[in-house]
Amino acid sequence: MADSLLNNSTAESSAGSPSERLGWMFLSMAVLTFFLMALGSTTRVMNAGLSCPDWPLCYGELVPAQQMNLQVFLEWFHRLVASSIGFLMIALTGMTLFWRKQIPRWVPVAAGLCLLLVIAQGILGGLTVTQLLRFDIVTAHLATGLMFFSCLLGIGAALVTYQGTGVVGRLSWLGMAAVGCVYGQSILGGVVASRWAAHQCLGGSRLCSVMYSHFAGVVPAVFSVVVLVVLAMRTAALHPRLRMLTQIMTLLLGLQVVLGVSTLRLHLQVVALTVAHQAIGAALLGSLVLFTVWAWRDGREPGGDHRSQDLNIGTNL
């Protein structure tokens with residue numbers, strides 16, 4: 001009873017701490033980044049990537065009112081959201097420096113790395129326009145965006161309050177392997193999309209090897225997630241947060257397989273299905289990142305407020 005009251009008191013006292021606030025800010029940024037990636041996917045599928053022929057302005061203006069149509073709006077709005085995330089990341093990095101004495105020492109460093117990823121993402125975004133959607137640059141743009149998204153989730157999950165049960169075993173390592181497999185499969189999907197390999201293979205039997213590589217990547221990605229889900233479901237007394245993520249991952253994996261088959265059968269003619277396929281893939285990756293970080297925290301010091309313990313470690317170094 002006393003231990004329960006102590007844990008509740010600790011959780012309440014940490015609710016308004018700088019680490020807790022920053023954790024939710026990083027998670028909120030991740031949600032905004034997810035929206036940006038979905039918007040970018042829509043822009044690509046709608047062939048709007050070059051609707052603004054110049055960069056960073058659009059037709060030499062901040063708001064190209066005279067040239068505005070659906071395609072121009074998609075590209076312009078994508079740039080607007082991306083720029084907003086860049087400025088928000090600068091502000092968030094500044095906040096980690098302001099609170100550096102009250103948070104783990106690794107947080108400002110991690111925030112700085114995220115800021116570098118945003119800068120790299122902006123440069124790659126500009127190059128996609130100036131280099132006329134060159135497939136390797138478009139793929140690198142996607143890879144950097146997914147990395148930034150994953151880092152935001154990882155930092156946020158490491159900072160928010162979490163009390164483990166100590167029963168995760170090797171689930172954190174399995175989660176890490178699944179993250180790597182799904183991230184790699186997402187990059188393969190990006191190569192297929194940036195080279196329009198599916199369209200060319202189905203229409204003229206060209207670049208089929210590129211599309212088949214994406215098909216082959218399904219095997220390790222699905223296998224790693226299925227193994228993780230099955231073992232997590234068989235783990236007694238698993239933390240409710242991890243159990244909920246296990247259920248979410250099961251649903252997302254099923255949806256992703258159905259969407260992948262549907263988009264192929266319909267020859268990628270339905271824009272909503274193609275965008276949903278890429279968005280669900282990013283959501284699955286994000287769920288795996290959250291699961292892995294919380295499982296790792298669970299395995300380190302079960303039964304305690306890991307956020308506050310990490311905070312003490314960070315400030316005493």
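The values are calculated or read from the model by the stated rules, or taken from the named source; none is laboratory data. Here the structure is a predicted model, which means the values were calculated and not measured. All Cβ positions, even for glycine, are placed from backbone atoms using ideal geometry, and neighbour counts span all protein chains on display. SASA here: full protein model, heavy atoms, side chains in, ligands and nucleic acids out. Shrake-Rupley method; radii C 1.70, N 1.55, O 1.52, S 1.80 Å.
Label-to-label distance for R234 and K101 is 5.2 nm, based on points extended 7 Å past Cα in the beta-carbon direction. Rounded, prolate or oblate: pick one for the chain, where a ≥ b ≥ c are the square roots of the eigenvalues of its C-alpha gyration tensor, a/c under 1.5 means rounded, and failing that, prolate if a/b is larger than b/c, else oblate. Oblate, because a/c is 1.5 or more while a/b does not exceed b/c.
For a test of the definition: using alpha carbon positions, the gyration tensor, and the 1.5 limit on a/c, classify the range 163-301 as rounded, prolate or oblate. Before the final figure, lay out the partial values.
Numbers: a/c = 3.08, a/b = 2.46, b/c = 1.25.
The shape class here is prolate.
For the chain, with only Lys/Arg (+1) and Asp/Glu (-1) charged at the beta-carbon, what is the dipole magnitude about the Cα centre, in debye rounded to 20?
On the way: 17 positive and 11 negative charges, 89 e Å.
About 420 debye.
Scanning the chain for DSSP H helices at least 24 Å long along the axis (C-alpha atoms) with a Kyte-Doolittle mean no lower than 1.6 picks out 106-130, 135-159, 208-233.
Residues with beta-carbon under 13 Å from that of A111, excluding A111: net charge, scoring Lys, Arg +1 and Asp, Glu -1? Mind showing how you got there, number by number?
Working: positive: R100, R105; negative: none.
That works out to +2.
What the range 17-161 shows is 48 Å² of accessible area per residue, with the surface traced by a 1.4 Å probe over protein heavy atoms.
The M147 and R300 beta-carbon pair, evaluated with R₀ = 25 Å, returns a calculated FRET efficiency of approximately 0.55.
Computing the accessible area with a 1.4 Å probe over protein heavy atoms, can you report the carbon and sulfur percentage for the range 163-301? All intermediate terms of the calculation are to be shown ahead of the outcome.
On the way: 4640 of 6640 Å².
Carbon plus sulfur share of accessible area: 70 percent.
Packing, taken as the mean count of other beta carbons within 10 Å per residue, orders the peptides 215-221, 176-182 from highest to lowest as 176-182, 215-221.
If the chain linking A272 and V258 were pulled fully straight, counting 0.36 nm for each residue of separation and taking away their Cα-Cα distance, it would gain 3.7 nm. Estimated from helices alone, the mean residue ellipticity of the chain at 222 nm is -27000 deg cm²/dmol (sum of -39500 (n - 2.57) over DSSP H runs with n ≥ 4, per residue). Does the range 17-161 come out rounded, prolate or oblate by the C-alpha gyration tensor, with a ≥ b ≥ c the root eigenvalues, rounded set by a/c under 1.5 and, if not, prolate when a/b is larger than b/c and oblate if not? Prolate shape, in that a/c is at least 1.5 and a/b is the bigger ratio. Taking the chain as a Gaussian network of alpha-carbon nodes connected by springs under 10 Å, the highest mean-square fluctuation of the residues I123, I85, I137 belongs to I123.
What does the charge count near I137 come to, summing +1 for each Lys or Arg and -1 for each Asp or Glu among other residues with Cβ under 13 Å from its Cβ?
Values: positive: R44, R134, R195; negative: D136.
Value of the local net charge: +2.
Taking 4.7 Å between beta carbons as the limit, the unpaired Cys residues of the chain are C114, C151, C181.
Farthest towards the positive end of the charge dipole of the range 17-161, among the residues V31, F98, G49, is the Cα of F98, using unit charges on the Cβ of Lys, Arg, Asp and Glu.
Can you list which of the trypsin sites (Lys or Arg not before Pro) found in the range 101-166 are DSSP loop residues with at most 10 other C-beta atoms within 10 Å? Numbers along the way, then the final one.
Details: sites: K101, R105, R134; in loops: K101, R105, R134.
Those satisfying the criteria are K101.
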